[in-house]
Amino acid sequence: MLRVGFAVVRGRSMQPTLRDGDVLLVRHGAVPRTGRLVVVRLPDGVVAVKRATRREPAGWWVERDNPAEGVDSWSVGAVPDADVVAVVLGRVWPWSLGLSRRPHSG
């Protein structure tokens, strides 16, 4: 069953795409696609927003947008499908478009 809910961003690992305090609309039970933002449960139990960058046999390889902050698959490996909690549909506060792609630098 697909359910819709909200998630609040904590930390700076997804800057500049997301900022601490952003409120996201998420869909629980949705299947991720490469490039989309997802809510995952990391091995230490922390629930975090990351970018699904590729599908691997062990699950989803997820990365942070801010290489100077946070934890991602480079340190914990692929996230099993069961630990992909939700897919981000969009930011509801503050309102903005275009969360599905990594921003261009420069």
Quiz item: Does the stretch 11-20 include one or more residues that are at pLDDT 95 or above, of a type in the set (A, V, I, L, M) and under 19 Å from Val92 (Cβ atoms)?
Solution: yes
Quiz item: Is there a residue being under 24 Å from Leu2 (Cα atoms) and either buried (at least 16 other Cβ atoms within 10 Å of the Cβ) or under 12 Å from the mean Cα position of the chain (by Cα) (or both) anywhere in the stretch 66-77?
Solution: no
Practice problem: Just give me the residues in the stretch 1-40 being more than 12 Å from the chain's Cα centre (by Cα) and part of a loop (DSSP other than H, G, I, E, B), in sequence order. | Solution: Met1, Leu2, Gly11, Arg12, Pro16, Arg19, Asp20, Gly21, Asp22, Gly29, Ala30, Val31
Exercise. Being on the phi > 0 side of the Ramachandran plot and either at pLDDT 95 or above or surrounded by fewer than 17 Cβ atoms within 10 Å (Cβ to Cβ) (or both) narrows it down to one of Gly35, Gly5, so name that one.
Key: Gly35
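Restricting to the stretch 41-63, and then to whatever is in a loop (DSSP other than H, G, I, E, B) and either on the phi < 0 side of the Ramachandran plot or surrounded by 12 or more Cβ atoms within 10 Å (Cβ to Cβ) (or both), can you tell me which residue is farthest from the chain's Cα centre (by Cα)? Let's see the steps before the verdict.
First pass over the stretch 41-63, keeping only residues in a loop (DSSP other than H, G, I, E, B): 42-46, 57-58.
Of the ones still in play, those that are also either on the phi < 0 side of the Ramachandran plot or surrounded by 12 or more Cβ atoms within 10 Å (Cβ to Cβ) (or both) are 42-44, 46, 57-58.
On the way: Leu42: 11, Pro43: 15, Asp44: 16, Val46: 12, Pro57: 19, Ala58: 17 Å.
Filtering the stretch 41-63 for residues that are in a loop (DSSP other than H, G, I, E, B) and either on the phi < 0 side of the Ramachandran plot or surrounded by 12 or more Cβ atoms within 10 Å (Cβ to Cβ) (or both), the one farthest from the chain's Cα centre (by Cα) comes out as Pro57.
The values are calculated or read from the model by the stated rules, or taken from the named source; none is laboratory data. Because the structure is a prediction, the values reported are computed rather than measured. All Cβ positions, glycine included, derive from the backbone under ideal geometry; neighbour counts span all protein chains shown.
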